[in-house]
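The values are calculated or read from the model by the stated rules, or taken from the named source; none is laboratory data. Note that the structure is predicted; figures quoted are calculated from it, not measured. Every residue, glycine among them, receives a Cβ derived from its backbone with ideal geometry; neighbour counts consider all protein chains shown.
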Amino acid sequence: MFPTPTTLPYYVLPVAMLIASNVFMTVAWYWHLKFKGMPLWGVILISWSIAFVEYCLAVPANRWGSAVYTAAQLKTIQEVVTLVIFAVFSIVYLQQGITWNYVIGFSFIIIGAFFVFRGPL
C-alpha cells in the first residue's frame, strides 16, 4: 500500500535523516585517509566529533522511522544509503574508482533490499 499525502512525511523524514547521518558517518570514517601524516589520536578525536552529529541524526531517524518501517527495513535503508554515499564519496573525495566487482556486490545487496521490502513470500 502506498502512503497517503498526509502520511508521506512520516515515510520520508526518517529516510532523509538516514541519508544525512550516513554522509556524516562516511566522512567520519574515511576523511582522514588523505591525511596519513596526522597523528592517530587527532584523527580519532575529529572523527568522533563528526560521528556525534551522525548519531544525533540516526537515533531519531530510527526511533521515528520505527512507526512506519520495521527494524529490518530501517537497517536495509541504512545499508543501501551507506553503499550509495560511500560510492560517491570514494569517487569524488578519495578519487578511487568503482570496479565491476563493487557494482556486482552492491547490486546483490540492493536485490536483497527488494526482498526485505517486498513482504512475505
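Below is a table of values for the structure above.
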{"item": "All positions within region 63-78 that are in a helix (DSSP H, G or I) and surrounded by fewer than 18 Cβ atoms within 10 Å (Cβ to Cβ)", "result": "Arg63, Trp64, Ala71, Ala72, Gln73, Lys75"}
{"item": "Identity of the residue in region 79-116, surrounded by fewer than 13 Cβ atoms within 10 Å (Cβ to Cβ) and of a type in the set (Phe, Trp, Tyr), that ends up farthest from Tyr30 (Cα to Cα)", "result": "Phe115"}
{"item": "Criterion: of a type outside the set (Asp, Glu) and more than 20 Å from Tyr102 (Cα to Cα) - qualifying residue of Ala87, Ala72", "result": "Ala72"}
{"item": "Residue match in region 53-62 (condition: closer than 26 Å to Gln95 by Cβ and assigned to a helix (DSSP H, G or I))", "result": "yes"}
{"item": "Residue that is farthest from Ile85 (Cα to Cα), among those in region 24-39 that are surrounded by 15 or more Cβ atoms within 10 Å (Cβ to Cβ) and free of Cβ contacts under 8 Å to residues at least 24 places away in the same chain", "result": "His32"}
{"item": "Failed criterion for Leu94 (all others in (1) assigned to a helix (DSSP H, G or I); (2) over 21 Å from Phe115 (Cβ atoms) hold)", "result": "(1)"}
{"item": "Residue satisfying condition, being within 20 Å of Phe35 (Cβ to Cβ), modelled with pLDDT of 90 or more and not small (Gly, Ala, Ser), within set Trp64, Trp48", "result": "Trp48"}
